[in-house]
Every structure is written in structure tokens, then in C-alpha cells.
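The values are calculated or read from the model by the stated rules, or taken from the named source; none is laboratory data. Worth saying up front: this structure is predicted, and the values here are computed from it rather than measured. Note that each Cβ is placed from the backbone with ideal geometry, even for glycine, and that neighbours are counted across all protein chains shown.
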Amino acid sequence: MLDGLREKLMAAASQGIISAEQADRLSLFLEASPHGATTGLDALRDLEPASPVEESEMPRFVRGFHDVLITIGVVILLTGLSGLLHVAFALLACVALAEVLVKRQRLALPAAALTIAYAISATWLLIDISSYVFWKEATPEIGTGGVLLLGYLLLMIPFYWRYQVPLALATLIVSVAGASTILILAVIERAAYRSEIGVNHPILYSAIGLVAALIVFGIALRFDLADPARVTRRSDVAFWLHLATAPALLYSTLALLFFLRAGDQDWDVGAVSASQPFSVILVVSLFVLIGLVMDRRAFVTSGLISLGVALGALIKDQSFDWNINFSLVLATMGVVVLFIGVFWPTLRGLVVRLLPNRIQSRLPPLRA
């Protein structure tokens, strides 16, 4: 009987009616009450209460080492198949494994691993198809972008519909946005080449990348604001979208700043941070504020590399040797990250309380 009830609770969690954590706690409650509800209620009172600063951002992945062991097996098997056979077989293997591990057993960590493996396999397969079909074209990037866009829609939508994995929906959204960006840039490239009109490609590419990242960020906000308490699947989808969007937003912004100033020079992660450290620190600070408002730490972690390079550029002017510079940068970043992490609820309260009440009511609640 308890097994049947647990299956129903897991099904309710998969449909977003309750969270996975609530399903697990209810299962513990039911297992602790073999002689009736009264015993179960006493056992439930003895359960450790949730911490007021408990992490609400990360989706619940692991319910036991069983999940970890299964995931390790999945990764090893799919890696071996990819080396022995065509990537299409790895794609089929992902589906077969998902039927057992996701559809039937509802294992969260293997579901995430299989979703990532499925998306990677799909990308390889679509690139193989486009390279075979469009290799004679003058601008094969247009064909590649079109194949990726259509392929992601045909492959990822059924996968999400079948298994209802939040990461699958987030992957679909990010993949479609990425393929659409590739297609748009390829079309612009061909048009510029045929018309022989000069185009400032780095600035244009950075601007289009920034627009694409902003669109995905807007979708993530819609999911976030639809579930401020973070008890349904929408919150998990928003988490993955923010995790992918935060670095895309940051680095497309930094690239645009760099190319507006440096023109056609080559750009890498550290170039703009070293050349415009104060601008980088300002942009990273803005991302920290966004993260505080939305209670999403992805916006803090996405800027750590650029922040470190910018701090290094500032400290370098003090004429210390390389070892001292490096150690001083690490120590400074450590202090900043620890300060933000330890005082996150307090800092978030200070920021959110400055916003109008109608905006505060739609945000995740403040925690002590």
C-alpha cells in the first residue's frame, strides 16, 4: 500500500502539484505510521524542520547514492556507445534508458544526465546531417542554423512531452534561441557579402547575442514570477534558464562594451576585463543586484571570472610581483564571494525592500 502511495506522490511531484521534497517528506511520514495517522504525525513532528535560510534555488537531484550510482553507469554506457557506434545510437539509447529510469522509476539525477546526453547527441547528429547536406554551399552556416532549429523542435519537444523533465524544457528553449541566433547571423553574413556592404561584425554579433540572451532571460523571468514560492516545476525550469542565461548575458554585454571601444580587435574573456576594469565591476555589480532581487545566485557566479580579471588589472598597477598579484586577487574574490554568500538573505532584504510593494509581492519571499 505504501509503495502505491509513494508512486502517487512521485507522480504528483512530476506534475508540479507538490515539490519533490514535499513528496519525500510525505513518504517518510507514511512510512513512519504503520499503525495509524497518530503515530505518523508524531514522527512528522520529529523530522528536522527546514532552515529559514535553506537553499530554495537548486532543484532536488539526489534522493540517495542509488541515483549517483545509476548516473555513473549512464554516463559510462553512453560514452562507450558514442565511441563505438554512430551518435544516432547514443540518441536512441538515451530514449531507452529514459523509459526505465525517468518514466518508470522517476530518478531525478539520471533524468538530468540523460537530458544533457540527449541534447548533446542531438546536436552532434544535426551537425552531421547539415555538414553532409550543405557542405557544397558557399555559406553552410545558414543550412546548419536551419537544421539545428528544426531539429531541436522535432527532437526536444517530444522528449519533454514524454518525460516532463524541467531541464528538457529549458534545454529546448536555450537550443532554439541559440540555433535562431546562428541562423540570423548567417543570413546577415550572406546579405553583407552579396551586397558588398561593410558590416561591423563584432559589434553586430555581440548586439544580436545580447538580444537573444535577453529574450531567454525574459522567458526565465516568466517562469520565476509564475512560481515565487518555488514549489512547482516552473521554478526548476527557471533555474536552468537562469544558469544558462546569466553568463550569456554577462559576456555578450562585456563583448559589446569591448568592441564599441576596441573595434575589430580579437576578444576573449579577459580582454575587456583587463582593459575596462571599472566598467566590468559595474556590470558584475548590476548582475549581483539582479540575482539578489530574483534570489538567483547564478548571476553572482557567472561574473566571477571577469571580476577576477578586472581586480587583477587594478592590482597589477601596484607593481607587485605575479605571485602576490594572483594571491591578492584570490583573497579579494574570496572575501567578496563569502560576504555575498553568508549575508545573502540580509543583502536581499535591503535591496528588495527598496522596490515598490506591487513588485515585491511577485518576487520570491524574503527569508530570515
**OP:** Assess whether LEU311 counts as being part of a helix (DSSP H, G or I) and modelled with pLDDT of 80 or more.
**Re:** no
Subject >> Scope the range 114-138; condition surrounded by 15 or more Cβ atoms within 10 Å (Cβ to Cβ) and over 18 Å from the mean Cα position of the chain (by Cα); matching residues >> reply: SER121, ALA122, TRP124, LEU125, LEU126, ILE127, ILE129, SER130, PHE134
Original post:
Hey, any hits in the range 316-336 for a residue that's at pLDDT 80 or above, buried (at least 16 other Cβ atoms within 10 Å of the Cβ) and in a loop (DSSP other than H, G, I, E, B)?
Top reply: no
**OP:** Identify all residues within the range 74-98 that are within 24 Å of the chain's Cα centre (by Cα), surrounded by fewer than 19 Cβ atoms within 10 Å (Cβ to Cβ) and free of Cβ contacts under 8 Å to residues at least 40 places away in the same chain; write none if there are none.
**Re:** ILE76, THR79
Original post:
Looking at VAL283, VAL211, which one is at pLDDT 85 or above and surrounded by fewer than 18 Cβ atoms within 10 Å (Cβ to Cβ)?
Top reply: VAL211
Original post:
Which one is surrounded by the most Cβ atoms within 10 Å (Cβ to Cβ), of the residues in the range 99-113 that are charged (D, E, K, R) and touching a residue at least 60 places away in the same chain (Cβ under 8 Å)?
Top reply: ARG106
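Residue by residue, here is whether (1) touching a residue at least 12 places away in the same chain (Cβ under 8 Å); (2) touching a Gly at 6+ places or on another chain (Cβ under 8 Å) holds:
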residue	(1), (2)
THR301	yes, no
PHE326	yes, yes
THR332	yes, no
VAL335	no, no
GLY349	yes, no
PRO356	no, no
GLN360	no, no
LEU363	yes, no
